[in-house]
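Values quoted throughout were computed directly from the atomic coordinates according to the rules given, and no laboratory measurement underlies them. Computed from a predicted model, the values in this text were never measured in an experiment. Glycine gets a Cβ as well: all are built from the backbone with ideal geometry, and neighbour counts include every protein chain shown.
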Amino acid sequence: MSQVSRRNMKFRKVYTALALGAASTLALGIPGAAFSAPTAAPGGPSVALSEYKGVEAALPTHYAEPKPGAVKSFTIGFMNPSGGNQNLQAVQDAAQAETKRLGGRFIAKNDNVDINTQLNNFKQLLVQGADAILLYPLDPKALGPAIKQAKEKGVVVIGYDVTNQASDALPEGYVSQVMQGRDWQAWSMAKAMASAKPGGQIGLIGFAVPVPGIEYLVQRVKYWSEQMGLKVVGRQDNREDSAAGGKVAATALLGANPQLAGIIAYNDPSAAGAAAAARIAGRHISIVGMNGDDFGVQGVKKGTITATFQNDAVGQGVQGVIGAYDVLAGIKVPKAIVRPPSAAITASTVKGVKSWSQQLAELERSGD
Amino acid sequence: MPETKAHGAAKQGNVRKFIRGTERYAAVVIIDIVLVIVFSTALPGFLSVANISNLLTGSAVLWVVSLGMTFVVVSAGIDLAVAAQMGLSGYLLATLLLAGTSSWLAISIVLVFSAACGALVNGVLIGKAGLNFFVVTLGSMTAFTGVVNIWSDTRTLAVDDSVILAIGYGTFLGVPIAIWIMLAALAIAVYIQRWTYFGRDVFATGGSIEAARLSGIRTSRILIGVYTLSAVCAGIAALIQVGQLGAASPLITLALPLQAAAAVLLGGTAFSGGVGGVVGTAAGVLFIGILQNGLGLAGISSYWQQVVTGIILVLAVGLDPLRKLLGDLRRRRRLVRQS
């Protein structure tokens, strides 16, 4: 069995363990959990909670396993839209480790959440002789002419979350995309909330900066929440993408809705901010976040956050490189793959969760 | 013989005048040259045509915005709304083009619109109503950003107009059009600064608004003028950005005004107003561009790039009191010699 297969097996084991842990938690620990039957939302529509069957369920989760040595020498350029983001840094580190394992050169660029910097970095990677560029576009519709230039030079461009839906056409120049499964994430978050507060009134925290992927996530959370019988009574946006911004947004939600039973936030820092706001207001509500970063995991450990979901940052980084490598080796790749989120991280599963750094350490060990 | 002597003295006087005129930004020019020498020695690809072209076209947006910002800073103000103005102008451009407006008409409308925003919002509130420039431009930045978000509904508009794309990627005589725009903008800015009454009045207003008013300068008009100029520069930068991205994005680079202010300060323009100039600003923008490009090619983390840029910025601004001290000493020595 190849190293990649072994690693994939490890990931599968981690997911299986997390899934089993989460299932037992939700079944035993969260009131109202019902996995074999649709949600028991009083008067509302219902949807099965047992398994995600949305638009992303049919997508492949891996590119074809690479044959080491198939490409003699290659350079991967990685464009990190925000180097300060723990999740994105984990994607970058995983991509770097995988590139090293396959014998390539790795160049990383930090776009500092600035679309002009992203454009300049992209053009610099072309000058530096990158054979493939892994691009997390800050604005998927922008950079069109630069990506076209890359295509003309024969540079492979693999995107991250380029389109919200896999059925949407990829912009010209992209060979494939790795999706983090926004719809899948939304379904998971709504499910955790519906299990904790069936039929309850909930508020949503979105991001004030118009990032299409996050906006799509929030819209899908609303959709799935309503499908699961929850009543979405309000939405506030985090202006700073920080815990402090989440606190301000949650304070407004709590003030406007005395019956609020829960808040679903687009990421863990916002969820942590919401937890602080609830504590200050003396309200006991359920809070669900996303990403499984330190904010989320610590919040779950302290009992201030009900559930979060680990984004498969390591898998996304690894698969991006594998996709690029496959194309360079002449292997046809699918237009999109999805890396679904982990099962729910809750009070009873949090101990078994492997952090991204632990997963990376394992990945690096497997490459040695 | 006396004629030759007089000619020589005049020539010497001109050289001195030139040196005195450049001393505020001489340090940045020297650092720029040193950086180019270091990077071209250490990094084989640094001086390649493709990289130099990238470096300059990548600095085009900051260049144009910083030139406009220079006039604002010389007038003892700052324009925090330039990035939001760029976003608004860019979105208007894309909307007009998608509605079937011809390229040149759309460009003209965008520039007039930018000028109107600068004049009627920041200019009137600061120049006429006498409100604080920081509060006004912070407010307009926030309001413009909100308008872009509401108008765009978080959607990006792709632009495939040939004229706009040529601004981003086309060449003229083998040189990218964006670089031609940079040169033209600098030439116009130098002309306005040195050879127009408006340019001189901006310095007078920035040096002491009361003294300028008492000497007959209509300072409110001057302030409206500088914020209009800054907004027009933001409009031109929007044309370049939309051309380079091939789209008008609702994402606004909120760090842009600070980067522009950094370039202006590096170029020897004092935040206290009344002193500085656009040539120094151009050197300041080049400093930021060369440093980021070189360190990026060398694979040095962007965080270190920020640290180095920050340290050099502080040093450059710290040079200001030193420059003043040296100037005072020189003046005193001259007086002693004369007496």
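The table for this structure:
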{"item": "Inter-chain Cβ neighbour average for residues B:160-173, partner chain, 10 Å", "result": "1"}
{"item": "Chain lengthening between residue B:108 and residue B:175 when straightened (0.36 nm per residue, less Cα-Cα)", "result": "21.7 nm"}
{"item": "Highest to lowest packing among A:271-279, A:295-303, scored as the average C-beta count within 10 Å", "result": "A:271-279, A:295-303"}
{"item": "Kirkwood Rh and Cα Rg combined as Rg/Rh, the stretch A:116-263", "result": "1.10"}
{"item": "Mean separation of Cα contacts under 8 Å, 6 or more apart, over the residue count of chain B: relative contact order %", "result": "32 percent"}
{"item": "Residue exposure sequence - A:284, A:62 - by fewest surrounding Cβ within 10 Å", "result": "A:284, A:62"}
{"item": "Contact order normalised by residue count of chain A, Cα under 8 Å, 6+ apart, percent", "result": "23 percent"}
{"item": "Per residue, the convex hull volume that the Cα atoms of chain A enclose (Å³)", "result": "120 Å³"}
{"item": "Candidate lysines - alpha carbon under 23 Å from residue A:335, same-chain residues fewer than 8 apart omitted", "result": "A:53, A:67, A:141, A:148, A:151, A:153"}
{"item": "Part-to-part distance (alpha-carbon centres) for the stretch A:122-139 and the stretch A:210-230, which is given in Å", "result": "31 Å"}
{"item": "Estimated FRET transfer efficiency (residue B:163, residue B:95; beta-carbon r; R0 22 Å; 0.05)", "result": "0.85"}
{"item": "Calculated FRET value between residue B:47 and residue A:172, using beta carbons and R₀ = 25 Å, to 0.05", "result": "0.20"}
{"item": "Computed FRET value (nearest 0.05) for residue B:147 with residue B:255, which takes r as the C-beta separation and R₀ as 25 Å", "result": "0.80"}
{"item": "Order of B:52, B:78, B:188 under a 10 Å beta carbon neighbour criterion, fewest first", "result": "B:188, B:52, B:78"}
{"item": "Prolate/oblate/rounded label for the stretch B:269-309 (Cα gyration tensor, a/c 1.5)", "result": "oblate"}
{"item": "Anchor residue A:123: aspartates and glutamates whose Cα lies under 14 Å away (excluding residues fewer than 8 positions away in-chain)", "result": "A:111, A:131, A:152"}
{"item": "Cα gyration tensor shape of the stretch A:91-167, rounded if a/c is under 1.5, else prolate or oblate by comparing a/b with b/c", "result": "rounded"}
{"item": "Per-residue Cβ neighbour rank within 10 angstrom, fewest leading, B:156, B:281", "result": "B:156, B:281"}
{"item": "Peptide-level mean, for A:206-212, of C-beta atoms on other protein chains within 10 Å", "result": "4"}
{"item": "Gain in span if fully extended, residue A:72 to residue A:304, counting 0.36 nm per residue against the direct Cα distance", "result": "78.4 nm"}
{"item": "Rel. contact order, % - alpha carbon contacts under 8 angstrom, at least six apart, the stretch B:210-339", "result": "15 percent"}
{"item": "Kirkwood Rh and Cα Rg combined as Rg/Rh, chain B", "result": "1.01"}
{"item": "Within the protein assembly as shown, helix-based [θ] at 222 nm, where runs of 4 or more DSSP H residues each add -39,500 (n - 2.57), nearest 500", "result": "-19500 deg cm²/dmol"}
